[in-house]
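Undergrad: First, the structure itself, so that you have it in front of you.
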Amino acid sequence: MSPSSAAGKFNVVKCTSAPTATAGAVNLGPGTPVRPTSILVVGATGTLGRQVVRRALDEGYDVRCLVRPRPAPADFLRDWGATVVNADLSKPETIPATLVGIHTIIDCATGRPEEPIKTVDWEGKVALIQCAKAMGIQKYVFFSIHNCDKHPEVPLMEIKYCTEKFLHDSGLNHIIIRLCGFMQGLIGQYAVPILEEKSVWGTDAPTRIAYMDTQDIARLTFIALRNETINGKLLTFAGPRAWTTQEVITLCERLAGQDANVTTVPVTVLRFTRQLTRFFEWTNDVADRLAFSEVLTSDIVFSTPMNDTYQLLGVEAKEIVTLEKYLQDYFTNILKKLKDLKAQSKQTDIYF
Amino acid sequence: MNVDETQTKQKQQQQQQPSVSLSLDDVNPVGLGRKSRQLFDEVWRKFSGLGQISRTTRADDRESLDALLIREGPMCEFAIPGAQNTTVLVVGATSRIGRIVVRKLMLRGYTVKALVRKADEEVVSMLPRSVEVVIGDVGDPETLKSVVEGCNKIIYCATARSTITGDLFRVDHRGVYNLTKAFQDYNNKLAQLRAGKSSKSKLLLAKFKSADSLNGWEARQGTYFQDVVASKYDAGMDAKFEYTETGEAVFSGYVFTRGGYVELSKRLSLPLGRTLDRYEGLVLSVGGNGRSYILILEAGPSADTTQSKLYFARFTTKVGFCRARVPFSSFRPVKPDDPPLDPFLVHTLTIRFEPRRQRLEGPTAVKQDLRSFKLKLEYIKAFPTGQETDFVLVSCTGLGIESTRREQVLKAKRAGEESLKISGLGYTIIRPGPLKEEPGGQRALIFDQGNRISQGISCADVADICVKALHDSTARNKSFDVCYEYVAEQGRELYELVAHLPDKANNYLTPALSVLEKNT
């Protein structure tokens, strides 16, 4: 199944589109045409996936979510009105059944940090794309990472880049969307620790990332999806402005009205740790997770001018949420909520 | 609330922890080992997290955060402030529009009840799991009593599965009637529990059910011409108001005099504490045989009738009994300089017949003398004002229905609309063009009144209008047609573009509806 050499060093991923044993390539003949409103979202429980599902439901699509079987099922997807089907990308035989009657696949899956990156992000994707091709899926939307072609030393980015190429070579009607960073990620990373007066870990890296609200990403995705002229193109979605870690922390401090307890880790330490962990097989996963430090040491900017994309999609720049606005909303709401909680807990004190 | 509770609990636990200074656990080597391990894990997690572009937080706190702010909370782009405490009954929840309506309501945090006839596995699996499935049939009033319990608003997107007249009558006509009635009964029941009257119920001004009920009504006659010449054309007129043996209150007579009229008038006596300013118009149940009548309201300080000002509105009747809905906003002052009608000051109600401007249609029209009339009266009620719509009805324009059945379908739909309009509930009637199965929000929409639309519309857009109308005061008591914008050749545009592509912050409905007429 694996098109790559299964060795200890697994950042050697060969980009060959050798269609190995795909699960029973069923070509559903010219039967009932699938409705263009039926879509399958892969990775629907993720940060971006859930926004995609919600947006799709609101726009009137029939949404099927491919979710890994697990003890705690993704209830919220069903509550919104999506259909949930169980399948595991690492088990290709479970895939074909989920694709019956589907017009478009939106793929927002990325492996979880705790599992080996190759299973879902490469082997799983290859199986999914081959299966989609075999079953005549009419459009495939793939979310990738900005600049992934420039950093083959980072396994996740290399895998994304290879998947892009694989998808392109597969001949499927597709759109590739490269993303920079999610605003939602910053909440857990900086906003919450600052409010809880815990220490915030940051690096002194000069890397800038143009964070974007996942709700905006989902909205633009569907505009792109319906635009026939965008077929086969590569789009990059970036937020309105690129931020360094230090800038984000400063912004959070200002909005929260309290100073953060920042622990700055020099990038060189991260880099060193990665080099060290790469020597041992059992710490390889760790090494891979730290791989971004390679990227972070450079003063690279994860951003791209969006004017052309906006024009292509017919969107106005002012409709895209800025990080200031997003975090401000968050802090206004959370501070209000905390105030309410405080008032409540004081009340309960009387009774105890 | 659950999230709040758990959070408070966690906080309390955190507060309690430091107070326990030394326990056995603290000196237990296994416990110490575990603690140091936890500490290390935490540090390591943060450390390794640094090497990510956008990282995901741990599953547990992500869940609670999401629930708090992003999924239902104010940071969700779909969240609506009023949704938390609103229960919406969706009738026809598995229909093309209904399915999307239910999903949209769920995304916005409403509590949703879905009315189904049978709770089949197949039907229930089409609905989101947290929707409350209630079993009932709009054709059977008894089953609806329990269905409407606890509901604040109703969205009716059911339609007959066939165009058989019986089905149409049951679902599109009587179905709407039954449900409005059940809903009004429920509102009244609730109000009675609070020892009051439902703010949604109508106010009875007059009910003609016995001979006594005619007391206070006075039949009069007059002419518009005050000069001497008029008397030349005086061919006589007469009118009487009587209670017949068959139990009907009948106002009848003839007007042969040119410029003459006869009228029936009464000084209103409202129940204590009631004023008409909390009402929006009048509903009359009458049998007028197709004649048109003029309603005249006299308004002014009740102590001094010389200062009263007169306001009039015309209503037409149909053959047989019908209910006429006359909103106060349609009354015009008799003297053009007078201020608009203030319902608070209304003290006298008059129904006037005059031979002028009588127009009859149909085969019976020829044989009748337009100068004579017979008006059977059943009741006069006032329907209440309100902020929001209570009942959203998805009707149709008749486009796209096969022409042989179009008339039957429209007849049933219009009858259903009528029964909703006179129910006293705040209503929004949406008449979409032919429905299309495509994603919504793609094309500009045209909102129009007067049967002029020509285009289709996606189900998702209709669903969006239904949901937006729930809390939009401009949508109350309006009926309108809606379809995609007609893309005409340059220079041949028929309509002005009133709506824009809906997006996150753009409420297209309010500006589009505010230019349309109310009470239509």
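Please treat every number below as a calculation from the coordinates, not as lab data. Computed from a prediction, not measured in an experiment: that's the story for all the values here. Because the Cβ atoms are built from the backbone with ideal geometry, glycine has one as well, and the counts that use them run over all protein chains shown.
Undergrad: P(r) for the stretch A:116-252, please, calculated from all Cα pair distances in 10 Å bins and given in %.
TA: All Cα pairs, binned at 10 Å, distribute as 11, 33, 33, 16, 6, 0 percent.
Undergrad: So if R0 is 22 Å, what FRET efficiency would B:Arg161 and B:Thr520 give, r being the distance between their Cβ atoms, rounded to the nearest 0.05?
TA: Computed FRET efficiency for B:Arg161 and B:Thr520: 0.15.
Undergrad: Related question: Highest first, please rank the peptides A:135-146, B:272-283, A:244-255, B:99-110 by the mean number of other Cβ atoms sitting within 10 Å of their residues.
TA: Result, highest mean first: B:99-110, A:135-146, A:244-255, B:272-283.
Undergrad: Moving to a separate point now. Averaged over its residues, how many other protein chain Cβ atoms are within 10 Å of peptide A:186-192's Cβ atoms?
TA: The shielding value for this peptide is 4.
Undergrad: When A:Ser90, B:Ser419, B:Ser403, B:Ser130 are ordered from fewest to most other Cβ atoms inside 10 Å of their Cβ, what list results?
TA: Arranged by neighbour count, lowest to highest, A:Ser90, B:Ser419, B:Ser403, B:Ser130 become B:Ser403, B:Ser130, A:Ser90, B:Ser419.
Undergrad: Can you flag which of B:Lys207/B:Lys413; B:Lys113/B:Lys381; B:Lys181/B:Lys411 are past 24 Å Cα-Cα?
TA: B:Lys207/B:Lys413; B:Lys113/B:Lys381
Undergrad: Another one. May I ask you to compute the full-extension gain from B:Gln192 to B:Ala211, defined as 0.36 nm times their residue separation minus their alpha-carbon distance, rounded to one decimal in nm?
TA: My answer for the length gained is 3.9 nm.
Undergrad: Right, something else. Name the long-range amide H neighbours of A:Thr203: under 5 Å, sequence gap of 5 or more, or other chain; modelled H, no Pro or chain starts.
TA: Residues meeting the amide H criterion: A:Val265.
Undergrad: Also: Starting from the Cα of B:Ser454, step 7 Å toward the Cβ, then list every residue of the stretch B:377-406 with an amide N under 15 Å from that point.
TA: In the stretch B:377-406, the label zone of B:Ser454 (backbone N under 15 Å from the point 7 Å along Cα→Cβ) covers B:399-400.
Undergrad: With each label point set 7 Å from Cα along the Cα-Cβ vector, what nm distance links A:His168 and B:Val43?
TA: That separation, rounded to one decimal, is 4.5 nm.
Undergrad: May I pose another question? Quick check for me: using +1 on Lys/Arg Cβ and -1 on Asp/Glu Cβ, what's the dipole size of the stretch B:124-206 about its Cα centre, in debye to the nearest 20?
TA: Here the stretch B:124-206 has a charge dipole of around 400 debye.
Undergrad: Let me ask something else about it. Is there a simple number for the mean count of other chain Cβ atoms within 10 Å of the Cβ of residues in A:75-87, and what is it?
TA: Averaged over the peptide's residues, the number is 4.
Undergrad: Could you name the lysines whose alpha carbon sits less than 21 Å from that of A:Lys233, not counting residues in the same chain fewer than 8 places away?
TA: Hits, sequence-local ones excluded: A:Lys125, A:Lys133, A:Lys139, A:Lys150, A:Lys160, A:Lys165.
Undergrad: Rounded, prolate or oblate: which fits the stretch B:374-449 when a ≥ b ≥ c are the square roots of the eigenvalues of the alpha-carbon gyration tensor, with rounded for a/c under 1.5 and prolate only if a/b beats b/c?
TA: Judged from the Cα gyration tensor, the stretch B:374-449 comes out oblate (a/c at least 1.5, b/c at or above a/b).
Undergrad: While we're looking at this one, here's another question. Mind checking the mean number of beta-carbon atoms from other chains within 10 Å of the Cβ atoms in A:49-55?
TA: For this peptide, the per-residue mean of nearby foreign Cβ atoms is 3.
Undergrad: What is the extension gain from A:Arg35 to A:Tyr310, computed as 0.36 nm multiplied by their sequence separation minus the C-alpha to C-alpha distance, in nm to one decimal?
TA: 96.2 nm
Undergrad: Of the listed peptides A:195-204, B:441-450, B:169-178, what is their order by residue-averaged count of other C-beta atoms within 10 Å, with the highest listed first?
TA: So the order, starting with the most tightly packed, is B:169-178, B:441-450, A:195-204.
Undergrad: Loop only by DSSP, 14 or fewer other Cβ within 10 Å of the Cβ. Give me the GluC sites (Glu not before Pro) in the stretch A:82-151 that pass, ordered by residue number.
TA: Within the stretch A:82-151, the qualifying GluC sites (Glu not before Pro) (loop, at most 14 other Cβ atoms within 10 Å) are A:Glu114.
Undergrad: Let me ask something else. Need one number: nm distance between label points at A:Thr250 and B:Arg359, each 7 Å from Cα along Cα→Cβ, rounded to one decimal.
TA: If labels sit at A:Thr250 and B:Arg359, their model points lie 7.4 nm apart.
Undergrad: A follow-up question, please. Sort B:Cys483, B:Cys322, A:Cys148 by Cβ crowding within 10 Å, fewest neighbours at the top.
TA: Least crowded to most crowded, the residues run B:Cys322, A:Cys148, B:Cys483.
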